[in-house]
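Here is the structure we will look at, set down as structure tokens.
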Amino acid sequence: MESIYRRIVVAVDRDDEVGLYTLKQLAERFCERGSHLKLGLPFVLEYGVRGVREMFSVCGDHGSMVILDLKMADIGAIMRMIASKFRGAASAVIAHAFVGYNSGLRDLKEALDEWGVKLVLVASMSHPGSREVLDHCMERIFEVIDRTRPWGVVAPATRPTVVASVKARFPYVRILSPGVGAQGAKPGDAICSGADYEIVGRYITKSPEPVKALDRVVEELKRRCGG
Ligand code: BMP
């Protein structure tokens, strides 16, 4: 049976002075347990494409994904250009669904398919501001997701009902849910509602003992959702 560590994606955003060497050592410990990594823009701005590539080689050896969270929201030609910089350095990239399909996500998806990179689209976000604009357009966003056929969709662990509605509408899509830990959701809130992965950042990375923090998340997940 697949390890429950495989259901956790550790978000590495930290931009303080820990250094790439330390982050790689930490990443190795997360990935050897089976978890995946999501690298955010603070990481990319600090360590560049080279840093992303190095994390990918560390985690790829353990069969773990490295998801590049650029949250792209541009015209297709530019998103494609941006993603091409990381070709061979990431398993998946994240883009916003709201930019639409025509001359947008279609171009990005075609390029990623050619390069063997997964596409993850943001459906709804974990912070309260998602309700101000994004969530009013949920039906339209679902239509874009339907046309684009991404590998995965981001839906908030902070609002499990949204996770459940994404699951009901797109049973074939992987759901990745941020908001566990620092933003208040508990391990299992999203997975028990149908998500495939929970994304956990600062609760783990800012902990004095990050690997133990990951172990605690997994224990809680097991306790609440089984497995
Ligand atoms: P944390 O667990 O430290 O709150 O980190 C959550 C991670 O998930 C961050 O990398 C953030 O960019 C990302 N994220 C989020 O918090 N909410 C969303 O709706 C989408 C995200 O990608």
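The values are calculated or read from the model by the stated rules, or taken from the named source; none is laboratory data. Worth saying up front: this structure is predicted, and the values here are computed from it rather than measured. Counting neighbours? That spans all protein chains shown, and the Cβs are built from the backbone with ideal geometry, glycine included. The protein model used for the area step is the full one, side chains on, heavy atoms only, and it has no ligands, DNA or RNA in it. Shrake-Rupley method; radii C 1.70, N 1.55, O 1.52, S 1.80 Å.
Observations on the model:
- Test: residue in the range 60-76 that is buried (at least 17 other Cβ atoms within 10 Å of the Cβ), of a type in the set (Ser, Thr, Tyr), touching a residue at least 24 places away in the same chain (Cβ under 8 Å) and in a loop (DSSP other than H, G, I, E, B): yes
- Among residues of the range 165-178, those that are within 16 Å of the ligand (Cβ to nearest atom) and small (Gly, Ala, Ser), counted: 2
- Failed criterion for Ile75 (all others in (1) farther than 17 Å from Leu176 by Cα; (2) within 16 Å of the ligand (Cβ to nearest atom); (3) modelled with pLDDT of 95 or more hold): (2)
- Of all the listed residues (Gly19, Gly51), the sole one being over 18 Å from Pro178 (Cβ atoms), in contact with a helix residue (DSSP H, G or I) (Cβ under 6 Å, 6 or more places away or on another chain) and open to solvent by less than 60 Å² (accessible area, probe 1.4 Å) is Gly51.
- Residue in the range 22-48 that is nearest to Arg174 (Cα to Cα), counting only those that are open to solvent by 20 Å² or more (accessible area, probe 1.4 Å), in contact with a helix residue (DSSP H, G or I) (Cβ under 7 Å, 6 or more places away or on another chain) and more than 16 Å from the ligand (Cβ to nearest atom): Arg33
- Contact map, the range 194-222: first residue open to solvent by less than 10 Å² (accessible area, probe 1.4 Å), second residue among the acidic types (Asp, Glu) and more than 15 Å from the ligand (Cβ to nearest atom), Cβ cut-off under 9 Å, separation 6 or more or different chains; the map is empty.
- Any hit, the range 170-182, residues being free of Cβ contacts under 8 Å to residues at least 12 places away in the same chain, open to solvent by less than 40 Å² (accessible area, probe 1.4 Å) and in a loop (DSSP other than H, G, I, E, B): no
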